[in-house]
Amino acid sequence: MKVLVVTNLFPTERKPQWGTFVKEQVDSLCSAFPDELQIDVYLVDGSLSKVSYVKALFELPKVVKSGKYDVVHVHYGLTLLALLLVKAPIVATFHGSDLLRQPVGFLSRILAKKADRVIVVSENLRSALGYGAIIPCGIVADRFLLPQKWKYDNPSGELRVLFPANSTVPVKNYPLFAEVCRALTSRGYKVREVHLSGVPREQVPQVFWDSDVMLLTSHSEGSPTVIKEAIAAKLPFVSVDVGDARSWASKIDFGAVTESREPSHIADLVSQLLNKIHDRSALVNTHLLDQLDSRSIACRIKAIYSELSPPSLRRP
């Protein structure tokens, strides 16, 4: 089966961390079904120019026809604009801001009708759209598992607080993160901020292992990948109530979610969480590893592809 992934979220040389979760989903599908799936990626780089969507609108019908693709899988609602003239089964995955933030959310709801199957990455997105299969983006869980010989090492005595995003992206709400860090400092902690921005993807697990707590302060999220990565790495985390963070946190003993965006309250939660954890390596996460692993997610997505393109309908 030939699949064309169309997305405006994908790593490039200019933006190597952009849309890594889409790339990892593509990689997991290719790895899980090497003899059944051939997947190509078409990037609509709207960050360079909005004209990219117009160009793709007229180019993609030719690409899909000449490539004899059986299914087109589009990531991020706005990218559906580029598929209005495409004649092929379409799967659309909505990731968060494409439904939750305006005016993109309004346009995404209209464009969603173009898709033959709709995937949303969390329950709150299905509520926003009104329908869709809930399939979160998975992670390569094995990469984030604490090494067997891992030992807590923090000679400086600092509280290493991880901000798991780019601080210049407004939706990630770095100002709230900074306020919480100041509140922790006033409580006597020697806080050191740790940032993922600019860290090569292969080094990200080490950052999780070397941090003491993760703090997610975003204005909105779909299904934040960093929550799953923290669970795999047994990294305690506190999050505001966004996306499916509460659902994941309810399944483990080292995560907390709050509706409050008051820095002092969030700082109190961080302190309470850390005070009850005495041995990070002893924290339990094994019951969730299969659920969040990209391989199990790949199987669910492959099943949707097969529904839309059974062998009898595939292009010769």
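The values are calculated or read from the model by the stated rules, or taken from the named source; none is laboratory data. As the structure is a prediction and not an experimental result, all values here were calculated from the model. Here the Cβ is made from the backbone with ideal geometry for all residues, glycine too, and neighbour counts use every protein chain on show.
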Report task. Starting from residues that are among the charged types (D, E, K, R) and in contact with an Asp or Glu (Cβ under 9 Å, 6 or more places away or on another chain), keep the ones in the stretch 134-166 and report whichever is modelled with the highest pLDDT. Result -> ARG160
Query raised in the report: Within the set of pairs 6+ apart or on separate chains, which have a first residue in the stretch 153-174 that is within 20 Å of GLY96 (Cβ to Cβ), a second that is buried (at least 16 other Cβ atoms within 10 Å of the Cβ) and of a type in the set (Lys, Arg), and C-beta atoms under 9 Å apart?
Result: PHE163/LYS172; PRO164/LYS172; ALA165/LYS172; ASN166/LYS172
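For SER294, indicate whether it is crowded, with 18+ Cβ neighbours inside 10 Å, within 19 Å of SER223 (Cα to Cα) and of a type in the set (Gly, Ala, Ser).
It is true that SER294 is crowded, with 18+ Cβ neighbours inside 10 Å, within 19 Å of SER223 (Cα to Cα) and of a type in the set (Gly, Ala, Ser).
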Query - Among the residues listed as LYS2, LYS15, LYS55, the single one being over 24 Å from LYS68 (Cα atoms) and either outside the structural domain of LEU84 (by TED's automatic domain parsing) or surrounded by fewer than 20 Cβ atoms within 10 Å (Cβ to Cβ) (or both) - result: LYS15
Requested in this report: Taking the options ASP142, ASP116, name whichever one is over 20 Å from the mean Cα position of the chain (by Cα) and surrounded by fewer than 16 Cβ atoms within 10 Å (Cβ to Cβ).
Outcome: ASP116
Requested in this report: Please find, among PRO155, PRO147, the residue that is part of a loop (DSSP other than H, G, I, E, B), in the same structural domain as ILE231 (by TED's automatic domain parsing) and either among the acidic types (Asp, Glu) or farther than 24 Å from SER296 by Cβ (or both).
Outcome: PRO155
Requested in this report: Identify all residues within the stretch 198-225 that are at pLDDT 95 or above and within 15 Å of ASN173 (Cα to Cα); write none if there are none.
Outcome: MET214, LEU215, LEU216, THR217, SER218
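Can you say whether GLU202 is in the same structural domain as PRO236 (by TED's automatic domain parsing), within 19 Å of ALA232 (Cβ to Cβ) and among the charged types (D, E, K, R), as far as the supplied structure shows?
Here the answer is yes, as GLU202 does meet what is asked.
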Report summary line: Scanning the stretch 204-251 residue by residue, the ones that are surrounded by 18 or more Cβ atoms within 10 Å (Cβ to Cβ) and either of a type in the set (Val, Ile, Thr) or without any contact (Cβ under 8 Å) to a residue 12 or more places away in the chain (or both) total 12
Report task. Kindly indicate whether any position in the stretch 188-198 is in the same structural domain as GLU229 (by TED's automatic domain parsing), assigned to a loop (DSSP other than H, G, I, E, B), of a type in the set (Ser, Thr, Tyr) and under 30 Å from PRO11 (Cβ atoms). Result -> yes
**Report entry** Residue, surrounded by the fewest Cβ atoms within 10 Å (Cβ to Cβ), within the stretch 162-187, restricted to residues that are in contact with a helix residue (DSSP H, G or I) (Cβ under 6 Å, 6 or more places away or on another chain) and part of a loop (DSSP other than H, G, I, E, B)
**Finding:** SER167
Query raised in the report: Is it fair to say GLU259 is among the charged types (D, E, K, R) and crowded, with 22+ Cβ neighbours inside 10 Å?
Result: no
**Report entry** Scope the stretch 273-308; condition in contact (Cβ under 8 Å) with a residue 60 or more places away in the chain, polar (S, T, N, Q), out of contact with any helix residue (DSSP H, G or I) (no Cβ under 8 Å at 6 or more places or on another chain) and under 30 Å from MET1 (Cα atoms); matching residues
**Finding:** SER306
Query raised in the report: Can you tell me which residues in the stretch 9-40 are of a type outside the set (A, V, I, L, M, F, W, C), touching a strand residue (DSSP E or B) at 6+ places or on another chain (Cβ under 7 Å) and within 18 Å of ASP98 (Cα to Cα)?
Result: GLY19
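Taking the options PRO11, PRO61, PRO16, PRO89, name whichever one is touching an Asp or Glu at 6+ places or on another chain (Cβ under 6 Å) and touching a residue at least 12 places away in the same chain (Cβ under 8 Å). Step through it out loud before you land on a result.
Details: PRO11 fails: touching an Asp or Glu at 6+ places or on another chain (Cβ under 6 Å); PRO61 fails: touching an Asp or Glu at 6+ places or on another chain (Cβ under 6 Å); PRO16 fails: touching an Asp or Glu at 6+ places or on another chain (Cβ under 6 Å).
That would be PRO89, the only listed residue that is touching an Asp or Glu at 6+ places or on another chain (Cβ under 6 Å) and touching a residue at least 12 places away in the same chain (Cβ under 8 Å).
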